[in-house]
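Everything below concerns the one structure shown next.
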Amino acid sequence: MAKFLIRFSKWAQLVVPVVVVVCICIWWLICGTQTTILLLRHADRLGTQDLLSGAGQTRAQELAHVAQKTGIAAIYHSEANRTLQTALPLANALQLTPVQIPANDVQGLVDDIFANHRTDTVLVVGHSNTVPDIITAFGGPMMDDIPHGEYDNLFVLTVCRCSWHQPKLINLEYGAASP
């Protein structure tokens with residue numbers, strides 16, 4: 001019996017540290033990483049056209065200035081021209097090619113960000129009715145649609161794929177104040 005305990009003890013001394021390291025690695029892969037998503041509605045629109053107004057073009061330039069040093073690894077936008085126009089000044093400054101995902105494919109956007117940018121900071125340019133849906137899809141709080149004339153919100157959402165880590169949402173403003 002004593003020989004068995006000695007062998008078991010030596011075996012345990014080798015196996016236990018390996019199991020602990022494996023468990024830590026699995027935890028880190030699942031929960032040890034966070035993704036930061038900057039979300040905003042496209043900049044000021046030109047009437048009902050799918051274009052930015054002069055104020056919107058200025059706001060897009062201000063976004064590039066505000067977000068240029070955040071470490072953004074990818075930029076997503078909907079199929080609308082105004083979302084691309086909002087994203088382009090920052091994309092050009094960072095030498096990134098914006099990724100287009102249909103506005104109604106919120107789950108596809110979430111899946112793509114988690115699959116390809118798990119530990120990164122990304123920018124998502126959406127719409128008054130899609131930005132709240134995207135925040136909710138990432139596990140953030142339920143929100144009302146952004147009011148029609150409000151273009152200055154910049155939401156910062158920090159998420160983890162773990163179900164026990166509550167996403168953290170910060171609402172900032174950038175550019176000229178919306179009326």
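Taking the conditions exactly as written (acidic (Asp, Glu), surrounded by fewer than 17 Cβ atoms within 10 Å (Cβ to Cβ) and touching a helix residue (DSSP H, G or I) at 6+ places or on another chain (Cβ under 9 Å)), does ASP145 satisfy them or not? Outline the logic, then answer.
Details: acidic (Asp, Glu): yes; surrounded by fewer than 17 Cβ atoms within 10 Å (Cβ to Cβ): yes; touching a helix residue (DSSP H, G or I) at 6+ places or on another chain (Cβ under 9 Å): yes.
Against the criterion (acidic (Asp, Glu), surrounded by fewer than 17 Cβ atoms within 10 Å (Cβ to Cβ) and touching a helix residue (DSSP H, G or I) at 6+ places or on another chain (Cβ under 9 Å)), ASP145 qualifies.
Close Cβ contacts (under 6 Å, 6 or more residues apart or on different chains) running from residues in the stretch 49-75 that are assigned by TED's automatic domain parsing to the domain that holds ARG118 and over 23 Å from THR119 (Cβ atoms) to residues that are crowded, with 16+ Cβ neighbours inside 10 Å and β-branched (Val, Ile, Thr) comprise ALA60/THR86. Checked across the stretch 147-166, the condition of being in contact with a Gly (Cβ under 9 Å, 6 or more places away or on another chain) and among the polar types (S, T, N, Q) holds for at least one residue. Note on the stretch 29-52: residues that are at pLDDT below 95 and in contact with an Asp or Glu (Cβ under 7 Å, 6 or more places away or on another chain) total 1. Of the strands (runs of 3 or more DSSP E) lying entirely inside the stretch 89-179, those containing at least 1 residues that are in contact (Cβ under 8 Å) with a residue 60 or more places away in the chain span 121-126, 153-159.
Give the residue that is surrounded by the fewest Cβ atoms within 10 Å (Cβ to Cβ), with candidates limited to residues of the stretch 74-83 that are closer than 20 Å to THR36 by Cα and touching a helix residue (DSSP H, G or I) at 6+ places or on another chain (Cβ under 9 Å). Here the residue is ALA74.
The values are calculated or read from the model by the stated rules, or taken from the named source; none is laboratory data. What you see is a predicted model, and the numbers here were worked out from it, not measured in a lab. With ideal geometry, Cβ positions are generated from the backbone for all residues, glycine too; neighbour counts draw on all protein chains shown.
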